[in-house]
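Trainee: Dumping the structure here so I can ask a few things about it.
The values are calculated or read from the model by the stated rules, or taken from the named source; none is laboratory data. Computed from a predicted structure; not experimentally measured. Note that we place each Cβ from the backbone using ideal geometry, even for glycine, and neighbour counts take in every protein chain shown. Ligands, DNA and RNA are excluded from the accessible area calculation, which covers all protein heavy atoms including side chains. Shrake-Rupley method; radii C 1.70, N 1.55, O 1.52, S 1.80 Å.
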Amino acid sequence: LARAYGRTHPETWGGMWLTYPAASTIEDVLQVNVGTTDDVAALRRTITDLIPGNVHLVVQQVANRQADLDAIVDQLALRGTDFFARVGTTYYGAGTTIKDNIVEIDVSAVTPEVNSAVAQEFGAGAVRVVAGLPAVADVCNSRVDCGPPWAGGMWIASAAGACTAGFGISYYNGIWSYGMFTAGHCGGGTWHEGTLNGTVIGTSSQVHFGNNLPADVQVIPIASTAHYNKYADGATDCSPCTLRAITVTQGHDADGAGDGVCNHGAASGTQCGSIAQTNYSFPWTEKGVTLIHQRRATYTRNAGDSGGPVTSAANTAVGSHTHYKDIGGVRYAVYSHIWEMENLTGWDVSHS
């Protein structure tokens, strides 16, 4: 309803986006953020009744109307290639970033001359120019040769061993940064594509794996040019592997027993089943910790799948593989839920 209001009042609407605040509870897990170029208090009074009662509403003053930002993107679609060629760089794409109330433009090289020309043409407060890469086909050669940009589901290696790359992530604590998830128990360090001889991906900035934690996760910061919202879908020896884009992140406790889920591990490839338990806790004896609030699935796994993306629908991020439960000699997968991972790290799964 709030978005519908924005579509009918473009003259002051700065856009709307959703966040999941740190330390949220079941009663307060969602925050609706709205931007306006007009009176903040007046808009809050107007749209409060359009927001569910258990959702936190934040209305912010912004400089740019979403309609104006979207119009800049439309202009760039028509003449961005020629415009940037004239100022000495190559245009790769642009999009409206609602959170930052700005249009982000990807080009091959950012120089003072490029920034000056863009500010003069579109307004310094309406655009941000970043170095990027051209669009690539939605395939990767194999799970050991997949990027950059780096896709979830590929083999990654550090001095501690080999694991699977997880979802691409961004926007850490209100600052545009880029990275990827993998499992915390894989150990921190410098990560490489495929093997220790592969291209350097990045060095861990957060590692979360401890007693009574609800998520087994770590963060590997990466360059903006290596950032992706895609994961490899296919067999362990897929060549090429199909890449699928994440556009939705599952909310807190939005899953249930019997829901279909798929793990995309480098060792096992894509394996699908359903959720058997949504609140599974277990002692990891050899590591001396107990993990809580995990999900147990009905598909099997292999060593090396740790950190791999778990999805429900092809475009929906729901978790990251961590371990297994042995029942009758069959190793059924256990994974951390994506909400717990985002909440613990402060990073958001990337949708673009």
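Trainee: Rounded if a/c is under 1.5, else prolate if a/b is larger than b/c, else oblate: which is the chain, with a ≥ b ≥ c the root eigenvalues of its Cα gyration tensor?
Mentor: Oblate.
Trainee: Can I ask one more? Can you put SER350, SER239 in order of accessible area, largest first, using a 1.4 Å probe?
Mentor: Working: SER350 5, SER239 90 Å².
Per-residue accessible area, sorted high to low, gives SER239, SER350.
Trainee: Suppose R0 equals 30 Å. What FRET efficiency, 1/(1 + (r/R0)^6) with r the Cβ-Cβ distance, do PHE282 and SER239 give to the nearest 0.05? Could you put the intermediate results ahead of the total?
Mentor: On the way: r = 35 Å, r/R0 = 1.18.
Computed FRET efficiency for PHE282 and SER239 comes out at 0.25.
Trainee: Starting from the Cα gyration tensor of the stretch 50-187, take the square roots of the eigenvalues, sort them a ≥ b ≥ c, and report rounded, prolate or oblate (rounded when a/c is under 1.5, otherwise prolate if a/b is larger than b/c, else oblate).
Mentor: Judged from the Cα gyration tensor, the stretch 50-187 comes out oblate (a/c at least 1.5, b/c at or above a/b).
Trainee: In the full protein assembly as shown, how much of ARG3 is accessible to a 1.4 Å probe, in Å² to the nearest 10?
Mentor: So the heavy atoms of ARG3 present about 120 Å² to solvent.
Trainee: Now for a separate question. Report the label-to-label distance for VAL248 and ASP326 in nanometres (one decimal), using points 7 Å from each Cα along the Cα→Cβ vector.
Mentor: According to this spin-label approximation, the distance is 3.7 nm.
Trainee: If you count only protein heavy atoms with a 1.4 Å probe, what accessible area per residue comes out for the chain, rounded to a whole Å²?
Mentor: Accessible area per residue, the chain: 43 Å².
Trainee: Rg to Rh ratio, the stretch 200-281, alpha-carbon atoms and Kirkwood radius?
Mentor: 0.99
Trainee: Could you tally the net charge around TRP176, taking each other residue with its Cβ under 10 Å from the Cβ of TRP176, Lys/Arg +1 and Asp/Glu -1? Please list the in-between numbers first.
Mentor: Numbers: positive: LYS99, ARG128; negative: ASP100, GLU104.
Local charge sum for TRP176: 0.
Trainee: Something else about it: List the residue ranges in the chain for DSSP H helices whose C-alpha atoms run 20 angstrom or more along the long axis and whose Kyte-Doolittle average is -0.5 or above.
Mentor: Span-like helices, by this rule, are 66-86.
Trainee: Keeping the other protein chains in place, figure out the carbon and sulfur percent of the accessible area of the chain, with a 1.4 Å probe.
Mentor: On the way: 7630 of 14980 Å².
Summing carbon and sulfur atoms, their accessible area is 51 percent of the total for the chain.
Trainee: With a ≥ b ≥ c taken as the square roots of the eigenvalues of the C-alpha gyration tensor of the stretch 227-352, please select rounded if a/c is under 1.5 and otherwise prolate if a/b is larger than b/c or oblate if it is not?
Mentor: oblate
Trainee: Excluding residues fewer than 8 places away in the same chain, name every one of the aspartates and glutamates whose C-alpha is closer than 13 Å to that of LYS99.
Mentor: ASP348
Trainee: Is it possible to state the helix-based mean residue ellipticity at 222 nm for the chain, with each DSSP H run of 4+ residues giving -39500 (n - 2.57), the sum divided by total residues, to the nearest 500 deg cm²/dmol? What is it?
Mentor: Helix contribution divided over all residues of the chain: -4500 deg cm²/dmol.
Trainee: Starting at the first residue of the stretch 183-200, write each ³J(HN,Hα) from the Karplus equation 6.51 cos²θ - 1.76 cosθ + 1.60 with θ = phi - 60°, in whole Hz, x for Gly and Pro.
Mentor: My calculation for the stretch 183-200 gives 6, x, 6, 5, x, x, x, 8, 9, 10, 6, x, 9, 4, 8, x, 4, 5 Hz in order.
Trainee: Here is a follow-up. Collect residues whose amide H, placed 1.01 Å from N in the peptide plane, falls under 5 Å from the amide H of ARG331; neighbours closer than 5 in sequence don't count.
Mentor: Answer set, sorted by chain and number: ARG301.
Trainee: Now for a separate question. Can you run phi through the Karplus equation (6.51, -1.76, 1.60; θ = phi - 60°) for the stretch 221-226 and list ³J(HN,Hα) in whole Hz, with x for Gly and Pro?
Mentor: Result, ordered by residue: x, 9, 5, 4, 6, 9 Hz.
Trainee: Let me ask something else about it. If you add up the charges near ILE156, with Lys and Arg at +1 and Asp and Glu at -1, over every other residue whose beta carbon is less than 14 angstrom from its beta carbon, what do you get? If you can, show how the numbers build up before the last one.
Mentor: Details: positive: ARG143; negative: ASP145, GLU193, ASP305.
Counting the neighbours of ILE156, the net charge comes to -2.
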